[in-house]
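Visitor: Submitted below is the structure of interest, expressed as structure tokens.
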Amino acid sequence: MNYLYLLIPVVVIFLAGIRIVRPTQRGLIERLGKYKHFANPGFHWIIPVIDRLFMVNVTEQMVDAEPQEIITNDNLNASVDAQVYFRVKSDEESVKGSIYNVNNYKWQIVNLARTTLRNIIGTLTLKSANSERGKINSDLYKTLHNETQSWGIEIVRTELKEIDPPKDVQETMNKVVKAENEKIAAIDSATAAETVADGVKRAKIKEAEGFKQSKILHAEGEAEAIKLVNEAADKYFVGNAQLLRKLEAVEVSLEKNAKIVIPTGTELVNIIGEMAGIVPIDKK
């Protein structure tokens, strides 16, 4: 019976000292306020009251830098918010750094991100800040990465959620953008109309050139025909007219029984022969 009284406290102390570390965690065991050893995933037993186990999450986590008002370089207030994704590296030195080198690393990351954003965006105009989000993300990532090296933290990525100007400024910017879009649309419409007009003009020119070329070709054809007719007249009509005059002279002479001596081999002999149906006899 006495043994039972002694066994119960032992069992209670044993059960009170059981600790289970999950795969997503790593642990640091301290004894009487001093670091004792590293706790990997699995079963661990510590001495109650004397030992203490500190659990650290080593999975990827996210903290929100929370919206804040930042004055840009052109003296406008912008509401800026960002998110930081990070994780505690799972090796012993990194886990120790996240506990012993920084007090509440999540809170520290948030404040560091907010301060860094003020420094970066304070050098930019509101327009450039909105157009250079990638550069702001890159600069924020580099600063956080360098500053958290001793904390055992790995900065995975940073994302700039919003850069919102004041309401009145936003309305003015919307009007400017709308006016710019309308201007571009008007220019595009005018360009399209000019292109159509130019096309019609070119078509008219082509049509006129075609009509002109047709007239020229027609005139050249008529001139060529007239030329051929003139050449034919010069070649055939003039000569035949001379023969006709000669033949008329012969006819008049014959009517008067006049004798006419015609040299042989002349065209007139041939014509008279053809008219009489006489074929000249070749002399051998």
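What follows draws every value from the coordinates through simple rules; no lab data is involved. Predicted model, so just to flag it, every value in this text is computed and none were measured. Don't worry about glycine lacking a Cβ; one is built from the backbone with ideal geometry, like all the others, and counts go over all protein chains shown.
Visitor: Considering all projection directions equally, how large on average is the shadow of the alpha-carbon convex hull of the range 27-99, in square nanometres?
Guide: 7.3 nm²
Visitor: Additional query: Near Gly152, within a Cβ-to-Cβ distance under 9 Å, what is the net charge of the other residues, with Lys and Arg +1 and Asp and Glu -1?
Guide: Computed value for this residue: -1.
Visitor: Name the shape class, rounded, prolate or oblate, that the alpha-carbon gyration tensor gives for the range 2-57, where a ≥ b ≥ c are the square roots of its eigenvalues, rounded holds for a/c under 1.5, and otherwise prolate holds if a/b is larger than b/c and oblate otherwise.
Guide: oblate
Visitor: Go through Gly17, Tyr5, Phe43 and say which Cα lies farthest out towards the positive end of the charge dipole of the range 1-77; charges sit on Cβ, +1 for Lys and Arg, -1 for Asp and Glu.
Guide: Projecting each Cα onto the dipole axis, the largest value belongs to Tyr5.
Visitor: Between Ile184 and Gln83, what is the spin-label point distance in nm, taking each point 7 Å from the Cα along the Cα→C-beta axis?
Guide: Rounded to a tenth, the inter-label distance reads 2.9 nm.
Visitor: Which of the residue pairs Lys106/Lys135; Lys206/Lys227; Lys96/Lys142; Lys106/Lys127 have a Cα-Cα distance greater than 27 Å in the structure shown?
Guide: Too far apart for the 27 Å limit: Lys206/Lys227; Lys106/Lys127.
Visitor: Calculate, in nm to one decimal, what Leu32 and Glu220 gain on full extension: separation in residues at 0.36 nm each, minus their alpha carbon distance.
Guide: Length difference between fully extended and current span is 55.6 nm.
Visitor: Rounded, prolate or oblate: which fits the range 61-165 when a ≥ b ≥ c are the square roots of the eigenvalues of the alpha-carbon gyration tensor, with rounded for a/c under 1.5 and prolate only if a/b beats b/c?
Guide: Verdict is prolate for the range 61-165.
Visitor: Additional query: How large is the dipole of the range 2-57 about the Cα centre if only Lys and Arg carry +1 and Asp and Glu carry -1, each at its Cβ, rounded to the nearest 20 debye?
Guide: 180 debye
Visitor: Roughly how many whole Å is it from the C-alpha centroid of the range 40-59 to that of the range 99-113?
Guide: With the range 40-59 and the range 99-113 each reduced to a Cα centre, they are spaced 22 Å.
Visitor: Normalised by the number of residues in the range 2-57, what is the relative contact order in percent for Cα pairs under 8 Å and 6+ residues apart?
Guide: The normalised contact order for the range 2-57 reaches 37 percent.
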